[in-house]
Amino acid sequence: METEKKRLVVLISGRGSNMGSLLEAAKNREFDGEIVAVISNKASAAGLDIARKAGIAASVVDHNAYQSREDFDAALLSLVASYQPDLVILAGVMRILTPVFVRPLRGKLINIHPSLLPKYPGLHTHERAIAAGDSEAGATVHFVNEELDGGPAIIQARVPILPEDTPETLAARILEQEHKIFIEAVRLLCSDQVNYAEPGYTLANGKALPESGIIYNQSCSGLSP
Ligand code: GRF
């Protein structure tokens with residue numbers, strides 16, 4: 001008997017390449033989940049067209065229409081909750097979300113961030129890694145808590161920083177890995193191999209993960225069952 005697919009809601013603000021790659025992976029059954037809706041806080045987000053072309057419900061909750069961050073977050077939460085999601089995926093949301101949104105979704109809310117967290121939370125991660133003279137950079141998928149880019153890590157991919165790198169070339173190298181680890185994180189969550197545990201741990205096959213999460217390795221991707 002086929003188990004019921006997890007219901008996934010993806011939130012975006014812009015280009016939507018991570019969302020597009022998750023849509024493709026869902027179509028190819030790379031994980032046991034169905035993307036039931038895509039929501040953007042910006043009507044101009046190019047990702048909305050990608051979702052609509054794929055036949056996914058795509059809507060906008062425009063943050064400019066709300067008096068406060070909390071009012072926006074409450075409206076967003078109520079739309080998200082109407083889809084009864086098992087997992088809510090922040091795929092390039094360029095907006096700080098308050099506890100009004102984050103708290104009720106604890107353990108179900110994940111984000112992708114283009115740095116080796118806990119290094120470089122916030123913006124301009126590629127510039128900062130190059131300016132610091134780091135030899136490597138990367139991306140992290142993590143559970144979201146009330147701290148900016150601060151929740152427990154699920155999986156992390158590392159790439160080298162080359163002497164000739166600009167923020168753009170480094171971002172492109174990292175983005176390629178982002179698409180891979182996002183799919184892998186969603187696969188692990190949909191199959192319950194990875195879970196969130198209070199007071200703020202990621203469990204993989206029942207064991208607490210280290211601060212970096214799973215280190216993604218292309219030759220043996222993710223966890224063995
Ligand atoms: C990605 O680099 C992601 O890590 C960051 O925002 C960017 C979104 O890119 N949070 P896209 O919209 O998925 O193409």
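The values are calculated or read from the model by the stated rules, or taken from the named source; none is laboratory data. Given the structure is predicted, the values throughout are model-derived calculations rather than measurements. Glycine gets a Cβ as well: all are built from the backbone with ideal geometry, and neighbour counts include every protein chain shown. Accessible surface areas use protein heavy atoms only, side chains included; no ligands, DNA or RNA. Shrake-Rupley method; radii C 1.70, N 1.55, O 1.52, S 1.80 Å.
In the stretch 115-124, the condition of being within 25 Å of residue 6 (Cα to Cα) and within 17 Å of the chain's Cα centre (by Cα) is met by no residue.
In this structure, residue 130 does not satisfy being open to solvent by less than 70 Å² (accessible area, probe 1.4 Å), within 15 Å of the chain's Cα centre (by Cα) and modelled with pLDDT of 95 or more. Taken over the stretch 175-210, residues that are within 11 Å of the ligand (Cβ to nearest atom) and more than 19 Å from residue 24 (Cβ to Cβ) amount to 0.
Of everything in the stretch 103-117 that's in a loop (DSSP other than H, G, I, E, B) and either over 20 Å from residue 160 (Cβ atoms) or open to solvent by less than 10 Å² (accessible area, probe 1.4 Å) (or both), which residue is nearest to the ligand (Cβ to nearest atom)?
To start, the set of residues in the stretch 103-117 that are in a loop (DSSP other than H, G, I, E, B) comprises 106-108, 114-117.
Right, trim to either over 20 Å from residue 160 (Cβ atoms) or open to solvent by less than 10 Å² (accessible area, probe 1.4 Å) (or both) and you get 106-108, 115.
Details: 106: 20, 107: 20, 108: 18, 115: 9 Å.
Among those residues, the one meeting the criterion is 115.
Look at residue 140 and say whether it is open to solvent by less than 30 Å² (accessible area, probe 1.4 Å), touching a strand residue (DSSP E or B) at 6+ places or on another chain (Cβ under 8 Å) and closer than 18 Å to residue 128 by Cβ.
Here the answer is yes, as residue 140 does meet what is asked.
Residue-level check: of (1) within 16 Å of the ligand (Cβ to nearest atom); (2) closer than 20 Å to residue 186 by Cβ; (3) outside any helix (DSSP H, G or I); (4) open to solvent by less than 80 Å² (accessible area, probe 1.4 Å), residue 95 misses just (2).
Please find, within the stretch 169-201, the residue that is nearest to the chain's Cα centre (by Cα) out of those that are under 19 Å from residue 127 (Cβ atoms) and touching a residue at least 40 places away in the same chain (Cβ under 8 Å). So, considering only residues that are under 19 Å from residue 127 (Cβ atoms) and touching a residue at least 40 places away in the same chain (Cβ under 8 Å), the one nearest to the chain's Cα centre (by Cα) is 178. Is there a residue in the stretch 166-186 that is farther than 25 Å from residue 131 by Cβ and in a strand (DSSP E or B)? Scanning the stretch 166-186 turns up no residue that is farther than 25 Å from residue 131 by Cβ and in a strand (DSSP E or B).
Check 155, 161, 89 and return the single one that is within 11 Å of the chain's Cα centre (by Cα), open to solvent by less than 60 Å² (accessible area, probe 1.4 Å), modelled with pLDDT of 95 or more and farther than 20 Å from residue 14 by Cα.
Values: 161 fails: within 11 Å of the chain's Cα centre (by Cα); 89 fails: farther than 20 Å from residue 14 by Cα.
Exactly one of 155, 161, 89 is within 11 Å of the chain's Cα centre (by Cα), open to solvent by less than 60 Å² (accessible area, probe 1.4 Å), modelled with pLDDT of 95 or more and farther than 20 Å from residue 14 by Cα, namely 155.
When residue 170 is tested against (1) over 14 Å from residue 138 (Cβ atoms); (2) within 16 Å of the ligand (Cβ to nearest atom), exactly one condition is not met: (1). Taking the stretch 22-50 as the search range and keeping residues that are buried (at least 20 other Cβ atoms within 10 Å of the Cβ) and assigned to a helix (DSSP H, G or I), which one is nearest to the ligand (Cβ to nearest atom)? Among residues in the stretch 22-50 that are buried (at least 20 other Cβ atoms within 10 Å of the Cβ) and assigned to a helix (DSSP H, G or I), the one nearest to the ligand (Cβ to nearest atom) is 47.
The requirement of being of a type outside the set (Phe, Trp, Tyr), in a strand (DSSP E or B), open to solvent by less than 80 Å² (accessible area, probe 1.4 Å) and more than 14 Å from the ligand (Cβ to nearest atom) is not satisfied by residue 78. Please work out if residue 115 is within 24 Å of residue 29 (Cα to Cα) and either aromatic (Phe, Trp, Tyr) or in contact (Cβ under 8 Å) with a residue 12 or more places away in the chain (or both). No: the conditions fail for residue 115.
Does residue 106 satisfy being under 24 Å from residue 152 (Cα atoms), out of contact with any helix residue (DSSP H, G or I) (no Cβ under 7 Å at 6 or more places or on another chain) and in contact (Cβ under 8 Å) with a residue 12 or more places away in the chain?
Details: under 24 Å from residue 152 (Cα atoms): yes; out of contact with any helix residue (DSSP H, G or I) (no Cβ under 7 Å at 6 or more places or on another chain): yes; in contact (Cβ under 8 Å) with a residue 12 or more places away in the chain: yes.
Yes: the conditions hold for residue 106.
Of all the listed residues (100, 10), the sole one being surrounded by 14 or more Cβ atoms within 10 Å (Cβ to Cβ) and within 11 Å of the ligand (Cβ to nearest atom) is 10.
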